[in-house]
Amino acid sequence: MKLHKATAAAAAALVLSLTATACGGDSDEGGDGGDKITIGIKFDQPGLGLKTPDGSFAGFDVDVATYVAKELGYDAKDIVWKESPSAERENLISNGDVKFVVASYSITDERKQKVDFAGPYFLAHQDLLVRADDNSITKAEDLNSKKLCSVTGSTSAQNVKEKLAPKADLQAVGGYSECLTGLENKAVDALTTDNSILAGYAAQKEHQGKFKLAGLKLSDENYGIGLKKGDTELQSKINAALTKMESDGSWQKAVTANFGPANYKNEPAPKITEGS
Ligand code: GLU
């Protein structure tokens with residue numbers, strides 16, 4: 001039996017390489033022609049992209065991604081979810097590790113040097129999350145004498161450093177959920193990112209009554225679906241899927257289902273601006 005193992009592996013490798021050739025050389029997991037599609041999402045953002053303890057995935061970004069995949073010809077069971085931390089999104093796309101990214105991913109000119117976007121499909125605003133009993137932070141400038149947590153590679157961290165509160169003691173971590181323990185035990189005084197994300201954390205059962213949003217609109221964050229630069233065909237297909245999702249009522253349904261529990265007041269669906 002053991003002797004056959006190597007032969008079997010060689011045969012499997014041959015089959016794989018033949019399959020890759022048959023697919024036109026596009027052998028990446030997220031590529032066309034296969035039965036699976038790999039999509040990048042967040043795993044730790046309740047309401048947007050969350051891996052639940054039973055191993056399933058939930059959130060508005062998950063619903064948008066699932067709808068778009070369906071329009072591209074993939075059933076929900078054919079989706080492989082790939083965790084995409086803020087700082088890694090451009091690389092995951094450029095390397096072909098994912099077909100596209102739906103991960104609270106703001107469209108910016110800087111990012112458009114490396115990737116293209118479809119959308120936008122959602123509009124959020126940068127805000128602050130503070131401890132429920134802390135009334136010392138009501139505007140961005142108050143952060144200049146405070147310890148602030150944000151995430152590497154996010155627009156939120158960049159905005160704080162460049163304009164909102166350049167003197168803030170900024171601790172940048174890998175993912176927003178890492179900031180919450182720090183906020184609770186007073187290692188930091190505030191967490192800054194999109195209000196859509198903060199509302200999800202504040203509403204979590206284990207956080208109830210502990211935190212509050214400042215209620216500021218420190219920026220406009222237009223969420224786009226990130227894809228490989230130059231893939232205009234995929235960009236148009238995703239834009240068409242997003243337009244359909246809005247017009248057939250699925251967008252509103254997904255908003256209500258995912259943000260309703262957090263009592264988050266969302267903006268209306270934004271107009272598609274990319275690729276036209
Ligand atoms: N929307 C912002 C961004 O794309 C913050 C949220 C995030 O880091 O995913 O940078």
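The values are calculated or read from the model by the stated rules, or taken from the named source; none is laboratory data. Quick caveat, the model's predicted, so the values are computed rather than measured. Cβ coordinates were reconstructed from backbone atoms using ideal geometry, including for glycine residues, and neighbour counts include every protein chain displayed. These area figures cover heavy atoms from the full protein model, side chains too; ligands, DNA and RNA do not enter into them. Shrake-Rupley method; radii C 1.70, N 1.55, O 1.52, S 1.80 Å.
Odds and ends about this structure:
- Angle in degrees between helix 250-259 and the longest Cα principal axis of the chain, rounded to the nearest 10: 50
- Residue-normalised accessible area of the chain, expressed per residue, 1.4 Å probe, Å²: 49
- The chain - convex hull of the alpha-carbon atoms, volume per residue in Å³: 153
- Other residues whose C-beta falls under 11 angstrom from the C-beta of A254 contribute a net charge of -2, scoring Lys and Arg +1 and Asp and Glu -1.
- Degrees separating the helix 2-22 axis from the principal Cα axis of the chain, which is the longest one: 80
- Taking the C-alpha atoms only, the angle from helix 60-71 to the longest principal axis of the chain is near 30 degrees.
- Nearest-0.05 FRET efficiency for D54 and K112, computed from C-beta distance (R0 41 Å): 0.65
- Per principal axis, descending, Cα span of segment 55-103 in whole Å: 27, 20, 17
- The listed peptides 245-258, 94-107, 51-64, 214-227, ordered by packing as a protection proxy, come out as 94-107, 214-227, 51-64, 245-258 (highest mean of other Cβ atoms within 10 Å first).
- Hydrodynamic analysis of segment 88-211 uses the Kirkwood radius over alpha carbon pairs. Inserted into Stokes-Einstein at 4 °C and 1.567 mPa s, it gives a translational diffusion coefficient of 84 µm²/s.
- The fraction of Cα-Cα pairs per 5 angstrom bin, counted from 0 for segment 136-276, comes to 2, 8, 16, 18, 17, 15, 11, 8, 4, 1 percent, rounded to whole percents.
- Amide N of segment 125-158 lying under 19 Å from the label point, which is placed 7 angstrom from the Cα of K167 along Cα→Cβ: 136-149
- In the chain, the portion of solvent-accessible area held by carbon and sulfur atoms comes to 52 percent [1.4 Å probe, whole percent, DNA, RNA and ligands not counted].
- When shorter helices are ignored and each DSSP H run of at least 4 residues is given -39500 (n - 2.57), the per-residue value for the chain at 222 nm works out to -9500 deg cm²/dmol.
- If you bin all the Cα-Cα distances of segment 68-137 at 5 Å, starting from zero, the percentages per bin are 3, 11, 21, 19, 16, 11, 7, 6, 4, 2, 0.
- Under a 5 Å amide H cut-off, with hydrogens placed 1.01 Å from N, T193 pairs with D127, L129 among residues at least 5 apart or on other chains.
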